[in-house]
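Structure first, then comments.
Nothing in this text is a laboratory measurement; each read-out follows from the coordinates by a stated rule. These figures come from a predicted structure and were not determined experimentally. Glycine also receives a Cβ, built like all others from the backbone with ideal geometry; neighbour counts cover every protein chain displayed.
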Amino acid sequence: MKRRLASIAPAFLALALAFSAGAQTPASPPKPAPLPKASPTAAALSPSQTAAVNDLFGALKLKEEVQAMPDAMINSEIARNPSLAPFRDLMVNWLKKYMTWQAMEPELTKLYGASFTEAELKSMSAFYRTPAGQKALEKLPEMMQRTAMIGAQVSQPHSEELKKQMTARGEELQKKQQAEAKKEAGAAAGTPAPGGKTRPPSRPPKATPQP
């Protein structure tokens, strides 16, 4: 079940990631980043659409997945950022307090209902209740991880090409910044004269001696 969590609700991992950004040292508690704004309210679902969504949730065992998310999410984040370990119980308890199935089910129902037609929901429910569907739920996250690994393996031999391109772009940006800095400095010193030379600032006329 834990291997399926990343594919069921990857957006929720942002909650755990928000903590790591603020935890620079074990003595400093992590600071959560602002959460994204909620999407506009969709049209109300019909009773049959709602039933189809709930049936899919049952086939996906989504309630059980959501209930297991806090521990799995925080454990995963601590594995990547050990400095979060002292705050594990606080983060897990916070997620369990607010990221409950009761709180999330209405929003998830609207999300799935707006994303799929009633016929699609029913088709997915039927598929995920088959042995092949259950195996897909279990194996697809692993397949996606392996796909990413294969992508890294085939691109790694060409990493030097990217490094050179990024170095060239960095030098180009640095030259551009230097040119802009010189331009601003020249504007502050005086108006550029023809030929690229800086014309000295004009001086006020000397006062005529009074007789």
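A few remarks follow.
- All C-alpha to C-alpha distances of segment 94-137, sorted into 10 Å bins beginning at zero, yield P(r) values of 25, 34, 34, 8 percent in whole numbers.
- Sequence ranges 71-78, 149-156, 47-54, ranked by mean other-Cβ count within 10 angstrom, highest first: 71-78, 47-54, 149-156
- As a calculated quantity, the FRET efficiency between ALA126 and MET149 at R0 = 30 Å, using C-beta atoms, amounts to about 0.40.
- FRET E, pair LEU90, LEU111, Förster distance 41 Å, beta-carbon r, rounded to 0.05: 0.90
- Net lengthening on full extension, LYS182/ALA51 (0.36 nm per residue, minus Cα-Cα): 40.4 nm
- Additional length obtainable on full extension of the chain from ALA136 to LYS164, 0.36 nm per residue less Cα span: 6.0 nm
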